[in-house]
Amino acid sequence: MRKLPIFFLIDLSESMVGEPIELVRKGMESLIRSLKKNPYALETVWIEIIGFAGKARTIEPFEELALFYPPEFPIGGGTSIGSGLEFLMKEIDANVKCSTAETKGDWKPLVFIFTDGQPTDDFQAAVSRWQSGYKRKCQTLLATIGNVISHDFISSIADDAIQLENDKEECFDSYFKWLTDSIASSSVQASEGIEPTAKVGELECGLSKIDLTKQERVPASVDDNYSVILGACQKTQEKYLIKYKKGVEIFDGDFNNFDKVYRLEGAYRLDYKKYKDLSVQAETSSVDAKYLQGIPTCPYCGSKHAFAVCMCGGVFCVDLDTDMQTCGWCGTTARYEATCEDFNIERRQG
Ligand SMILES: [Zn+2]
Ligand SMILES: [Zn+2]
């Protein structure tokens, strides 16, 4: 039987923490559940899920649909699409059988890339290798949230692209429903002996096709949509991510500062071992605390103030019942007082 190989390449960068990654997990779960009821898909579809942040990793190895179970998704630091592509090419080489003069190999792999932001790495070498050796042998569809990635870049790696209007449930539901339908109809094509294609046809609410023939200017500050900060609980030493989303309101009546306000989305538990495994040591930038609006609750101990900054630069949660505080990073114990002064905080790449 000729396999129909499906590769998912999914962005697990810090800006995905919280609701978006939960929606990806749920979407993938329902995709697998409904494809498993489809006899055509069961006959040919093989799936692998690759995740990338600063580094790329197999999230669920190449496996036939019947034996495939939807995974949990970790979070890492950075958006290295170059590492993602390198990893994908290695997995294609290892798992997809090419046609030879004597035998027919597998069907052309379908590659579904999902990313929520601009790449933060130097991806040129990987993109060139992808273009010269792989792009034509696969059918690749990229999906992204909003108008954040340049069309030139999308065209250099994908054949088609769709855009989710925002990072809310309705859009993710439509996207995973589209993916499910697309894989189902591709498996019917395979059963009829036709080369499968993941065509962008009718799109549901919350999705639109990106017209790659149009030269569209993408705003320059787009990777700035979120401000994500790494914290440590002082009681458990567990790590969490605090996520702020850029607001559009005017800050302090200053019309030049309207785009600098970030509103709290939440603080989320983090699998720090997996986080480090998916991240690269990278230069971080800093954000002025006065632009961050809202104080998070610690997702471990429930402290209402999970945003104190130690002398070591680490962010940790405060125990409001005592004056003496211990940093969850360096272990220094000191008396902390609330400050109204501006200070800078290290922010992650997202
Ligand atoms: Zn805590
Ligand atoms: Zn410290």
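Just so it is clear, none of the values below were taken in a lab; they were calculated from the coordinates. From a predicted model like this one, the values you see are computed outputs, not experimental measurements. Quick reminder, even Gly has a Cβ in these numbers, built from the backbone with ideal geometry, and neighbours come from all protein chains shown.
Proximity of backbone amide H atoms, modeled 1.01 Å from N, is registered between residue 266 and 243 at under 5 Å, excluding neighbours fewer than 5 places apart on the same chain. This model, with +1 at the C-beta of Lys and Arg and -1 at the C-beta of Asp and Glu, gives the chain a dipole about its Cα centre of some 820 debye.
Alpha carbon centre of region 14-79 versus region 147-170: separation in Å? Each part's Cα centre sits 19 Å from the other's.
Which lysines have a Cα lying under 26 Å from the Cα of residue 214, excluding residues fewer than 8 positions away in the same chain? In chain and number order, the partners are 135, 137, 199.
Membrane-span-like helices in the chain, defined purely by DSSP H runs whose alpha carbon atoms cover 18 Å or more axially and whose average Kyte-Doolittle hydropathy reaches 0.0, are 81-95.
Put +1 on the Cβ of every Lys and Arg and -1 on every Asp and Glu Cβ in region 66-193; which of 139, 151, 162 then has its Cα farthest towards the positive end of the dipole? After comparing all options, I get 139. Given the pairs 245/304; 243/273; 26/168; 177/239, which are separated by over 22 angstrom at their Cα positions? The pairs that break the limit, which is 22 Å between Cα atoms, are 177/239.
For region 1-129, the relative contact order works out to 35 percent when only alpha carbon pairs closer than 8 Å and six or more residues apart are counted. Ranking 240, 16, 68 by Cα position along the charge dipole of the chain, where only Lys, Arg, Asp and Glu carry charges on their C-beta atoms, puts 68 farthest toward the positive end.
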